[in-house]
Ligand code: AMP
Ligand code: GLY
């Protein structure tokens, strides 16, 4: 199969890495890719929101399967465009991607189908949102309805902070049109887990769970980031919880989407919080997570291309999907200054040393240096690498990941020391 992966982060490098092991693969392109994907296939310099450019590339290369990593091209309708041309594509249609692209859409769907979620109110004008807050007591979560690159969630301790957050969205328009509609949500607490189901519109794979760390600093302090680390699968996750999430969350959503005429294909990602009253859905995403994919791909036993093609073609019922029972931990190395301003262009050394057993390095913001493939890659973004280790427990996987990380360096590199540490595994994500 000739395959085109859309995206340029660690998620896409780990997809490319796992797909490269498939005997079904004949050619691989990645748009736009990074220095890591350049070693596995051919990078195409097309941005992931350039839908016309991507459609043209898929046609020109006679790609058999397009795999879409990030949410933006999904929300822009890339899948619909490719499907119209008869090109198989892994990912949801524009209508199905609404599950991530509009928080209000997802919450209404959950309410109608009885899927557990926080209590919520949706507002399209600021006065009504502020009026609502006047009678509100205690903490509240304010969310921009649309896609805001992971920044549109404001956790507020009281209604004054809530009002400021509403104004930030609706009159200051800090998130552009994504904040023209806001959602006020009940403030929940508890450990968080990201759960992934591969879907073909009707059927779904066995679930796989991972946790990510969003805060910049050890102990879950500092600002939110795109993700500083991850591990899979969490110790608290078991067959019983998986069955519960499948029956009460994933299947009802799949069925409701199909009934609405927008069957869900691709990965359905449920961001869950384990509250005193059981699991509640904080968000759905229409794609795999980053940096969760970097610890989930190594767990995939089944052929990745058979799996993704089956999702695209509605054949998942005929496909065996199996996850390994090992553990993986991923530590993200970032540029000093991230998530605010940072410098790039620094050489990364230690990537081609003798690698310890069961370790992988997935690239995010990297590019080939001046020497091309023969020189050292250089940093090109905030999140630079995800260093992954595997083992029979989170502990041993964590040791391997940090052992490999010690071999790698670039100027101003930063990383968290506590990814997968016992003390904060369960509650790793409680602080967001
Ligand atoms: P989201 O982008 O919806 O995943 O939200 C980002 C983070 O905000 C989540 O990972 C949670 O830590 C936190 N969060 C979102 N919704 C809520 C909520 N209703 N109550 C408490 N925390 C939340
Ligand atoms: N790791 C969170 C996300 O991919 O949205």
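Computed from the coordinates by the stated procedures, all read-outs in this text should not be read as laboratory data. What you see is a predicted model; the values in this text were computed from it and never measured. FYI the Cβ positions are ideal-geometry reconstructions off the backbone, even for glycines, and counts take in every protein chain you see.
Observations, loosely collected:
- Taking the chain as a Gaussian network of alpha-carbon nodes connected by springs under 10 Å, the highest mean-square fluctuation of the residues 64, 290, 200 belongs to 64.
- Fraction of alpha-carbon pairs over 25 Å apart in the range 31-180 - percent: 45
- For a label point 7 Å along the Cα-to-beta-carbon line of residue 24, residues of the range 77-114 with backbone N under 14 Å: 88-91
- Taken over the Cα atoms of the range 365-418, the convex hull encloses 93 Å³ per residue.
- Whole-number D in µm² s⁻¹ for the range 174-231, Kirkwood Cα-pair radius fed into Stokes-Einstein, 10 °C, 1.306 mPa s: 107
- Here the gap between residue 171 and residue 111, fully extended at 0.36 nm per residue and compared with their Cα-Cα distance, gives a gain of 18.8 nm.
- Each of residue 247 and residue 393 was given a label point 7 Å from its Cα along the Cα-to-Cβ line. The distance between the two points is 3.2 nm.
- Here the chain carries DSSP beta bridges of which approximately 80% are antiparallel, counting only pairs with both residues inside.
- With 0.36 nm allotted per residue and the present C-alpha distance subtracted, the residue 349-residue 259 stretch has 27.2 nm of extension available.
- The listed peptides 161-170, 42-51, ordered by packing as a protection proxy, come out as 161-170, 42-51 (highest mean of other Cβ atoms within 10 Å first).
- Ranked list, fewest to most other Cβ atoms within 10 Å of each Cβ, for 348, 99: 348, 99
- The range 225-381, Rg to Rh (Cα coordinates; Rh as Kirkwood inverse mean 1/r): 1.02
- Comparing 406, 111, 143 in a Gaussian network model of the chain (Cα springs below 10 Å), the most mobile by mean-square fluctuation is 406.
- Its relative contact order, with pairs defined as Cα atoms under 8 Å and 6+ residues apart, puts the chain at 17 percent.
- In plain terms, the chain from residue 236 to residue 422 could stretch by 65.8 nm, reckoned as 0.36 nm per residue minus the Cα-Cα distance.
- Computing FRET efficiency as 1/(1 + (r/R0)^6) for residue 315 and residue 60, where r is the C-beta to C-beta distance and R0 is 30 Å, gives about 0.65.
- The range 315-432 - convex hull of alpha carbons, volume per residue in Å³: 169
- Largest mean-square fluctuation among 26, 37, 63, in a Gaussian network model of the chain whose springs join Cα atoms under 10 Å apart, belongs to 26.
- Taking the inverse of the mean 1/r over every pair of distinct Cα atoms in the range 338-388 gives a Kirkwood hydrodynamic radius of 11.8 Å.
- Neighbour counts of C-beta atoms inside 10 Å place 362, 120 in the sequence 120, 362, starting with the fewest.
- Fraction of alpha-carbon pairs over 35 Å apart in the chain - percent: 25
- Residues of the range 338-365 with an amide N closer than 13 Å to a point placed 7 Å from the Cα of residue 409 along the Cα-to-Cβ direction: 347-351.
- Value of [θ]222 nm, deg cm²/dmol, for the chain, DSSP H segments ≥ 4, -39500 (n - 2.57) each, nearest 500: -7500 deg cm²/dmol
- 15 Å tail of the calculated P(r), the range 15-92, as % of Cα pairs: 53
- The label point for residue 187 and the one for residue 137, both projected 7 Å from the Cα toward the Cβ, are 1.4 nm apart.
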